[in-house]
There are 2 protein chains.
Amino acid sequence: MSPSRKSGDSYHHGDLRRALVEAATAIVAEDQNWEFSLREVARRAGVSHNAPYRHFPEKLDLLAAVAAEGFHSLRSAMIEAAKAPKSPDDALVAIGSAYIRFGTENPARYRLMFGAALAASKAALPPLVGQAAAASRDVLAAVVADGVRQNRFAAAPGDDGEMSILALSAWATVHGLTMLIIDGLSDVEPSPSLPERVGRALLDGVRKR
Amino acid sequence: MSPSRKSGDSYHHGDLRRALVEAATAIVAEDQNWEFSLREVARRAGVSHNAPYRHFPEKLDLLAAVAAEGFHSLRSAMIEAAKAPKSPDDALVAIGSAYIRFGTENPARYRLMFGAALAASKAALPPLVGQAAAASRDVLAAVVADGVRQNRFAAAPGDDGEMSILALSAWATVHGLTMLIIDGLSDVEPSPSLPERVGRALLDGVRKR
DNA sequence: ACCTGAACACCGTTCAAGT
DNA sequence: ACCTGAACACCGTTCAAGT
């Protein structure tokens, strides 16, 4: 057994960091509550309650790691959704739908992703999370830019050349909707067709008429 | 000193409930952190650490009370903003601006308002919060409905008669944007003119062209 | 009715050790 | 290096009393 083994094999040691992230993710999925205790994560991972401190200086750092992984998943889901469609219109609907579906299908995980920022409070957002979030936003932004380039989407008047406001708006709409649905504040019944309908509404918001 | 004194005078007793809500609100504003401890609230109010249980069965209920009051404030800010403008266009921009300003000027309070829902997790949203939130949403919805009625806003295609999706979309946009800005996930620099610009972008999303 | 003090089972974090 | 057990200062909540 040389030490050159791939870090992917998880006997029990060597990848405690990954084990902790997975344990935390599992707890969140099972309890459907984004607030987990560090001690429970350690128990689940089979280590003492302060072994995690070797890998994460404080609880917030584990939270950030879980959140960042969540954003990577979200990004994958969006990329997957954007694969098939040809037109920017279809792509935007597909991506919007995938986004809402991702959030509403595992609300606790979605809340954690933004709750990590939330927990940070005054402090700056953990860079890990910020980058991961930006990466998933960029999938949406790319499609929006595509639509503008093909002259199908209307850039906002104030957006001279830049299209950041338009992309930000689109992100805000799907994010806000996801949150409102998760929080039970949307009065539209959450039918399976909702993501699709929201995707269409999103499209109508940017489409050139 | 008859007991028929108005409940508004706060010597020290009689209105502990209000004192607790105010103490919690003050702590959130000072720490800029929406997570306060029940014991600290009690200390601040000058009572023992479990006196609050006479008024709030559990911590979540105090959280909900603070959140509900926050929604009342938000509603007032929106109503105030909608007063002056005449056209639905101006009103929507004004309301959107006021909304974003409310959220970004006291992020901790805004996060708490939605964090109360968040904390509830699987359980249903505290009715108190749900109603207060709906009441403030309705200010926005009324202006949107006005615009549709005057044929200045375009109802979404799927919205046969109802305009709930359009209003929900508008709410989602301002809510999402507020959250993204608060969380530091918006890459647009938070200039004082941002609320105004966002209000205009919101308008462009619904306006008939 | 409303409030108290002591107690319970937790928590995040630290520290002096162990290997 | 990595992990442990004991300890510290908290927390939410409960309970038997006090007035």
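The values are calculated or read from the model by the stated rules, or taken from the named source; none is laboratory data. Since this is a predicted model, take the numbers as computed values, not measurements. With ideal geometry, Cβ positions are generated from the backbone for all residues, glycine too; neighbour counts draw on all protein chains shown.
Just to be sure before I move on: is A:SER193 modelled with pLDDT of 90 or more and more than 7 Å from chain B (Cβ to nearest Cβ) in the structure I sent? Spelling it out, it is not the case that A:SER193 is modelled with pLDDT of 90 or more and more than 7 Å from chain B (Cβ to nearest Cβ). In segment B:1-29, which residues are modelled with pLDDT of 70 or more and farther than 18 Å from B:SER73 by Cα? B:GLY14, B:ASP15, B:LEU16, B:ARG17 - these are the residues of segment B:1-29 that are modelled with pLDDT of 70 or more and farther than 18 Å from B:SER73 by Cα. Please find, within segment B:32-61, the residue that is nearest to B:PRO126 (Cα to Cα) out of those that are more than 7 Å from DNA strand C (Cβ to nearest atom) and among the polar types (S, T, N, Q). Only one residue fits best here, namely B:SER37.
The residue that is nearest to B:VAL66 (Cα to Cα), among those in segment B:25-43 that are away from every other protein chain (no Cβ under 14 Å) and free of Cβ contacts under 8 Å to residues at least 12 places away in the same chain, is B:SER37.
Of all residues in segment A:17-35, count the ones that are more than 12 Å from DNA strand D (Cβ to nearest atom) and in a helix (DSSP H, G or I). Matching residues across segment A:17-35 total 11. When residues in segment B:101-139 are screened for being at pLDDT 90 or above and more than 27 Å from B:ALA82 (Cα to Cα), 0 of them pass. Please work out which residue is nearest to DNA strand C (Cβ to nearest atom), limiting yourself to segment B:62-96 and to residues that are under 22 Å from the mean Cα position of the chain (by Cα) and polar (S, T, N, Q). Filtering segment B:62-96 for residues that are under 22 Å from the mean Cα position of the chain (by Cα) and polar (S, T, N, Q), the one nearest to DNA strand C (Cβ to nearest atom) comes out as B:SER73. Restricted to segment B:46-89, and to residues there that are free of Cβ contacts under 8 Å to residues at least 12 places away in the same chain and of a type in the set (Gly, Ala, Ser), the residue that is nearest to DNA strand D (Cβ to nearest atom) is B:SER48. Examine segment A:36-55 for a residue that is crowded, with 22+ Cβ neighbours inside 10 Å, modelled with pLDDT of 90 or more and not in a helix (DSSP H, G or I), and state whether such a residue exists. Yes.
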